[in-house]
Amino acid sequence: MFDLNSIGNTGKPSGLVLWLPGIGILFFLVLYVIAAFTYPGGSAAEPTHTGFDFWNNYLCDLLDEYAINGELNTARYYARASLFALCSGLILLWIFLPRLFDKKNFGHFLMWITGITALFIIFLMGTQNHDLIVRLAGVFGFAAILSCAWALVKGGYKALGVLGFVCFTVFLINYLIYETGFFIGALPLIQKVTFVLCLTWFSGLNYNLIRKLKPLKKSDFT
């Protein structure tokens, strides 16, 4: 019989392993800024606009082979590298995340498996199947965020759990706008706000996981 308390127990992390999710987030931010500065131009609202338009471009515009203005998108290399760094770091975070909790139940398993699945799906965001990837990652992502937020509140991490519910809410707003087209003009900005909130939440999860496992001892660096 499967022991739920074994999820996330992949051995004691050593050295800087648990800092890698934070490093992945940092690389994501730096590389995406570089990508934005090298994006040729164009958005759904203004196809002939030169360069990246903070108010009208989606983050995923930087991943495409061709920019919306028709030029070859040289920013895609930086954007895809940033996505790889982020997803790699967050997968590592999610692998160890159940260890925040002393006792585990099916909710923790749901959080664990759906989160890892969603992140692996997001790896494919730069392919031609953007809409399908968004929908698949969305389904698993909803389950992962909601179950994680609930587990955090029940496990004594109330502030982090509340932030998780906030992330779930804005994530849901993004998805509803994307599917219905209602208030679509504001979606690029809402998407960026969502990323800031979610990256803040992920950073909080990583910080608390580091504190919980306390792997950073002098002996870990020798």
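Below is a table of values for the structure above.
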{"item": "Residues located in segment 72-88, provided they are in contact with an Asp or Glu (Cβ under 8 Å, 6 or more places away or on another chain) and either open to solvent by 30 Å² or more (accessible area, probe 1.4 Å) or under 24 Å from Gly115 (Cα atoms) (or both)", "result": "Leu72"}
{"item": "Members of segment 121-145 that are aliphatic (A, V, I, L, M) and either under 17 Å from Ala85 (Cα atoms) or surrounded by 17 or more Cβ atoms within 10 Å (Cβ to Cβ) (or both)", "result": "Ile121, Ile122, Leu124, Met125, Ile133, Val134, Ala137, Ala143, Ala144, Ile145"}
{"item": "Ala151 being small (Gly, Ala, Ser), open to solvent by less than 20 Å² (accessible area, probe 1.4 Å), touching a residue at least 40 places away in the same chain (Cβ under 8 Å) and at negative phi", "result": "yes"}
{"item": "Number of positions in segment 35-45 that are at pLDDT 95 or above and open to solvent by 70 Å² or more (accessible area, probe 1.4 Å)", "result": "1"}
{"item": "Test: Leu31 is open to solvent by 10 Å² or more (accessible area, probe 1.4 Å) and modelled with pLDDT of 95 or more", "result": "yes"}
{"item": "Members of segment 60-71 found to be surrounded by 15 or more Cβ atoms within 10 Å (Cβ to Cβ) and in contact with a Lys or Arg (Cβ under 7 Å, 6 or more places away or on another chain), listed by number", "result": "Leu62, Leu63, Asp64"}
{"item": "Sole exception among (1) modelled with pLDDT under 95; (2) within 21 Å of the chain's Cα centre (by Cα); (3) surrounded by fewer than 13 Cβ atoms within 10 Å (Cβ to Cβ) for Phe182, by number", "result": "(2)"}
{"item": "Residue identified as over 14 Å from Trp94 (Cα atoms), open to solvent by less than 50 Å² (accessible area, probe 1.4 Å) and either touching a strand residue (DSSP E or B) at 6+ places or on another chain (Cβ under 7 Å) or in contact (Cβ under 8 Å) with a residue 60 or more places away in the chain (or both) among Leu187, Leu199, Leu205, Leu160", "result": "Leu187"}
{"item": "Within segment 138-160, tally of residues that are out of contact with any helix residue (DSSP H, G or I) (no Cβ under 6 Å at 6 or more places or on another chain) and of a type in the set (Val, Ile, Thr)", "result": "1"}
{"item": "Meets criteria (small (Gly, Ala, Ser), within 22 Å of Leu172 (Cα to Cα) and surrounded by 19 or more Cβ atoms within 10 Å (Cβ to Cβ)) for Ala118", "result": "yes"}
{"item": "Set Leu92, Leu132: member being of a type in the set (A, V, I, L, M) and within 18 Å of Leu199 (Cβ to Cβ)", "result": "Leu92"}
{"item": "Answer residue from segment 98-115, given it is closer than 19 Å to Leu86 by Cα and either modelled with pLDDT under 95 or not hydrophobic (A, V, I, L, M, F, W, C) (or both) and is surrounded by the fewest Cβ atoms within 10 Å (Cβ to Cβ) among those", "result": "Thr114"}
{"item": "Within segment 13-42, tally of residues that are under 23 Å from the mean Cα position of the chain (by Cα) and either hydrophobic (A, V, I, L, M, F, W, C) or part of a loop (DSSP other than H, G, I, E, B) (or both)", "result": "20"}
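The values are calculated or read from the model by the stated rules, or taken from the named source; none is laboratory data. Because the structure is a prediction, the values reported are computed rather than measured. We place every Cβ from the backbone using ideal geometry, glycine too, and count neighbours over all the protein chains shown. These accessible areas exclude ligands, DNA and RNA; they are computed on the full protein's heavy atoms, side chains included. Shrake-Rupley method; radii C 1.70, N 1.55, O 1.52, S 1.80 Å.
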